[in-house]
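A short write-up of the structure that comes next.
The values are calculated or read from the model by the stated rules, or taken from the named source; none is laboratory data. This is a predicted model, so every value here is computed, not measured. Here Cβ is always computed from backbone atoms with ideal geometry, including for glycine, and neighbour counts include all displayed protein chains.
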Amino acid sequence: MAADAAEAVEMRGALMRLRRTTGLPVAFGGLFEPGRRQVRISVLSGTATAALSALAVSSGNGLGGKAVALARPCAVTDYSSSRQISHEYDVAVATEGLCSVLAVPVVVRRRVRGVLYGALRTARPLGDRTLAAAVQAARDLEQALVVRDEARSLLAAVQAPDAVSGAAWEEVREAHGALRALAPRVEDPALRAELLRACGRLARAASPEPAGATAAPVPGLAAREVDVLACVAAGATNAAAAERLGLRPETVKSYLRSAMRKLGAHTRTEAVVAARRAGLLP
């Protein structure tokens, strides 16, 4: 799936969640296009016209541009008469018949990547609860974009593993562990599967077998056992691994003991080394 198509899927899901959790009948949004300084409205949900489709929103202009410039949510009760915003996009907004509108920036690693909008066709104040729900929808999208960015980085490392060494390779291993920990919390099953495939490919690429070698049987570790080992490989204690994975420390210990038994290891370090040799960890 191409990056822009995948991001459109994530955007559509975020807008559906925004409508569902806020009760707002209209939602739309877009991301910054590569090499451009404008957010292009690319996904519409609940709209009656195509007036907003492909609208290019510049930083500082209109409600969305204000949210981008300030990197914080903004809302107006009556868009067309509001003195809090500029009015470059009044025609498109009026054609769609929108009055109360909120805009939430999508911020990934301190950089605004896009905007989510929600709107009513009547002039009614949008309360804190509605705004909080819209912000959460944006946070979900931010997480999905982070995962996709990291997955692309991992795949790039897989395609050229020889270019990664030393401290850089340790960073890749840290990213691998973080993504393994994040994967179970990703709601989209396709994205979760894509992420785990990228992790698996990186782990296998990190331990290529010598030419002519006979492949050793790979221990059948459970996904959570690999997750725990990934945390241990990154230097995490059992308590830190438990916090990262959303598990109890006793559960982490149980997974670690089970993984060690399957790998024939007597220590945590031996287990990590064995998992790397088996192509389970980078």
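Filtering the range 94-109 to residues that are surrounded by 21 or more Cβ atoms within 10 Å (Cβ to Cβ) and within 16 Å of VAL39 (Cα to Cα) leaves LEU102, ALA103, VAL104, PRO105, VAL106. Restricting attention to the range 180-194, the residues that are assigned to a helix (DSSP H, G or I), touching a residue at least 24 places away in the same chain (Cβ under 8 Å), out of contact with any Leu (no Cβ under 6 Å at 6 or more places or on another chain) and buried (at least 16 other Cβ atoms within 10 Å of the Cβ) total 4. Considering the range 68-78 alone, what residues qualify as being assigned to a helix (DSSP H, G or I) and surrounded by fewer than 22 Cβ atoms within 10 Å (Cβ to Cβ)? ALA69, LEU70, listed by residue number.
Under 27 Å from GLY35 (Cβ atoms), in the same structural domain as SER53 (by TED's automatic domain parsing), in contact (Cβ under 8 Å) with a residue 12 or more places away in the chain and not in a loop (DSSP other than H, G, I, E, B), is that true of VAL112? Yes, satisfied. Each residue in the range 242-271 was checked for being closer than 24 Å to ARG201 by Cβ and either at pLDDT below 90 or in contact with a strand residue (DSSP E or B) (Cβ under 9 Å, 6 or more places away or on another chain) (or both), and 2 pass. The single condition among (1) at pLDDT below 80; (2) part of a strand (DSSP E or B); (3) not charged (D, E, K, R) that VAL39 does not meet is (1). So, THR47, is that one hydroxyl-bearing (Ser, Thr, Tyr), closer than 15 Å to CYS99 by Cβ and in contact with a Pro (Cβ under 7 Å, 6 or more places away or on another chain) or not? When the stated conditions are applied, THR47 does not pass them.
Only one of these is at pLDDT 95 or above and in a strand (DSSP E or B): GLY65, GLY29. Name it. If you could, list the steps in order and put the result at the bottom.
Working: GLY65 fails: in a strand (DSSP E or B).
Testing whether each residue is at pLDDT 95 or above and in a strand (DSSP E or B) leaves just GLY29.
Checking each residue in the range 40-58 for being surrounded by fewer than 21 Cβ atoms within 10 Å (Cβ to Cβ) and touching a residue at least 40 places away in the same chain (Cβ under 8 Å) picks out THR47, ALA48, THR49, ALA51.
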